[in-house]
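Beneath this line is the structure, given in structure tokens, with notes to follow.
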Amino acid sequence: MRIDTTLKDATALLETHTSSPRLDAEILLSHFLDKNRSYLFAWPEVELTEKQRQDFNQALVKRKDQYPVAYLTGYQEFWSLMFAVNESVLIPRADTELLVETALEKLAPISNPRILELGTGSGAIALSLASERPDSEIVATDLSSDALIVAQHNKEALKITNVSFLQSDWFNQIDQTDFDLIISNPPYIDPQDRHMQTGIRFEPLSALCAEDKGLADLATITNKASKYLKTNGWLMLEHGYDQGDITTEGLKKAGYKNATCLKDLPGNDRITIGQLTKS
Ligand code: GLN
């Protein structure tokens with residue numbers, strides 16, 4: 001079958017199953033053809049080989065069940081870098097780029113900043129920061145050794161040298177106490193949330209859900225971080241759209257007097273940041 005008819009049929013097949021049927025079909029087909037998406041439009045009449053057709057059809061069956069496109073292709077773009085992903089790691093989200101952008105802004109006046117990322121998953125946050133700030137020294141942790149294998153692979157693929165990965169349950173294995181920034185996108189979804197019924201059910205639960213209506217890990221990090229930060233150091237946390245007030249209050253109570261919540265592009269409360277100023 002030709003590229004154009006294959007795409008048309010695949011889009012129709014995915015129509016009622018995903019919110020972006022045409023785009024999903026294009027990304028998957030270009031992946032199995034080992035070409036970029038523009039090839040599909042330049043060469044609509046090219047015939048698929050039998051192997052390409054089979055691989056593509058198998059992927060469509062999984063996609064109909066909402067299995068994530070990024071796990072099917074093995075890659076997700078974040079901060080204009082390509083990150084390898086698999087089921088051991090959360091798929092990096094565009095919303096999380098706000099965390100990277102804010103960190104870069106606040107770190108701009110600091111030379112050779114020392115950064116700690118907690119719960120790095122694929123390494124997306126730490127490696128993006130490292131690529132922008134080659135003068136920084138970054139420690140990035142995860143509890144999952146499978147996630148750290150993916151993160152280490154990404155570090156090598158992106159040729160980044162200033163990040164070291166460490167297996168740790170939040171701060172447990174951290175002994176340095178002079179960080180300029182502690183940054184994290186921890187699990188923050190309430191396990192009862194109905195949103196867990198969608199395609200994110202294929203992502204690691206340990207990266208998504210936390211006890212206490214999703215607030216348990218945000219609270220642990222907020223309450224322990226000050227011990228590991230320099231005076232004037234920053235704490236930056238991603239959280240759910242309805243957790244802005246409670247996270248901001250938590251940071252204020254923990255000594256970050258000017259804690260503020262920032263909104264993501266769609267306009268939802270998304271991250272809370274605070275600076276540990278001297279009292
Ligand atoms: N933002 C992600 C989602 O709602 C969740 C990420 C997280 O729990 N840290 O799909």
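The values are calculated or read from the model by the stated rules, or taken from the named source; none is laboratory data. Remember, it's a predicted structure, so these values are computed and weren't measured experimentally. Cβ coordinates were reconstructed from backbone atoms using ideal geometry, including for glycine residues, and neighbour counts include every protein chain displayed.
Among the residues in the stretch 15-35, are any closer than 19 Å to residue 82 by Cβ and not in a helix (DSSP H, G or I)? Steps first, answer last, please.
If we filter the stretch 15-35 for residues that are closer than 19 Å to residue 82 by Cβ, which is where we start, we get 23-24, 26-35.
Cutting the leftovers down to not in a helix (DSSP H, G or I) gives us 34-35.
Among the residues of the stretch 15-35, at least one is closer than 19 Å to residue 82 by Cβ and not in a helix (DSSP H, G or I), which makes the answer yes.
Can residue 263 be described as within 15 Å of the ligand (Cβ to nearest atom), of a type in the set (D, E, K, R), without any contact (Cβ under 8 Å) to a residue 60 or more places away in the chain and within 30 Å of residue 65 (Cβ to Cβ)? I'd like the intermediate steps shown before the answer.
Details: within 15 Å of the ligand (Cβ to nearest atom): yes; of a type in the set (D, E, K, R): yes; without any contact (Cβ under 8 Å) to a residue 60 or more places away in the chain: yes; within 30 Å of residue 65 (Cβ to Cβ): no.
Judged against the criteria, residue 263 is not a match.
Can you find, within the stretch 89-122, the residue that is farthest from the ligand (Cβ to nearest atom) among those that are surrounded by fewer than 17 Cβ atoms within 10 Å (Cβ to Cβ) and outside any helix (DSSP H, G or I)?
Residue satisfying both the conditions and the ranking: 111.
State all residues of the stretch 44-69 that are touching an Asp or Glu at 6+ places or on another chain (Cβ under 6 Å) and either more than 26 Å from residue 88 (Cβ to Cβ) or among the acidic types (Asp, Glu) (or both); if no residue qualifies, say none.
Result: 44, single match.
I'd like to know if the stretch 158-169 contains one or more residues that are more than 16 Å from the ligand (Cβ to nearest atom) and surrounded by 20 or more Cβ atoms within 10 Å (Cβ to Cβ).
First, the residues of the stretch 158-169 that are more than 16 Å from the ligand (Cβ to nearest atom): 158-169.
Filter again for surrounded by 20 or more Cβ atoms within 10 Å (Cβ to Cβ), leaving 163, 165.
There is at least one residue in the stretch 158-169 that is more than 16 Å from the ligand (Cβ to nearest atom) and surrounded by 20 or more Cβ atoms within 10 Å (Cβ to Cβ).
Being surrounded by fewer than 17 Cβ atoms within 10 Å (Cβ to Cβ) and modelled with pLDDT of 95 or more narrows it down to one residue among 41, 78; which is it? Steps first, answer last, please.
Working: 78 fails: surrounded by fewer than 17 Cβ atoms within 10 Å (Cβ to Cβ).
The match here is 41.
Here are some conditions: (1) within 16 Å of the ligand (Cβ to nearest atom); (2) in a loop (DSSP other than H, G, I, E, B); (3) more than 27 Å from residue 222 (Cβ to Cβ). Residue 71 meets all but one. Which one does it not meet?
Every listed condition holds for residue 71 apart from (2).
On the given criteria, is residue 73 in contact (Cβ under 8 Å) with a residue 40 or more places away in the chain and within 24 Å of residue 164 (Cα to Cα)? Break it down stepwise before answering.
On the way: in contact (Cβ under 8 Å) with a residue 40 or more places away in the chain: yes; within 24 Å of residue 164 (Cα to Cα): no.
So residue 73 does not fit the description; no.
Can you name the residue in the stretch 184-235 that is under 27 Å from residue 255 (Cα atoms) and of a type in the set (Val, Ile, Thr) and, of all such residues, is surrounded by the fewest Cβ atoms within 10 Å (Cβ to Cβ)?
Only one residue tops the list, namely 231.
Select, from 194, 201, the only residue that is modelled with pLDDT under 95, within 14 Å of the ligand (Cβ to nearest atom) and under 23 Å from residue 147 (Cβ atoms).
On the way: 194 fails: under 23 Å from residue 147 (Cβ atoms).
After ruling out the rest, the residue left standing is 201.
Give the residues of the stretch 170-189 that are in a loop (DSSP other than H, G, I, E, B) and more than 10 Å from the ligand (Cβ to nearest atom), sorted by residue number. Let's see the steps before the verdict.
Going residue by residue through the stretch 170-189, those that are in a loop (DSSP other than H, G, I, E, B) are 170-178, 185-188.
Once the filter is applied, which keeps residues that are in a loop (DSSP other than H, G, I, E, B) and more than 10 Å from the ligand (Cβ to nearest atom), the stretch 170-189 yields 170, 171, 172, 173, 174, 175, 176, 177, 178.
Restricting attention to the stretch 123-138, report how many residues are within 16 Å of the ligand (Cβ to nearest atom) and part of a loop (DSSP other than H, G, I, E, B).
Counting residues in the stretch 123-138 that are within 16 Å of the ligand (Cβ to nearest atom) and part of a loop (DSSP other than H, G, I, E, B) gives 1.
Would you check if there is a residue in the stretch 191-214 being more than 16 Å from the chain's Cα centre (by Cα) and closer than 22 Å to residue 138 by Cβ?
The answer is no; no qualifying residue exists.
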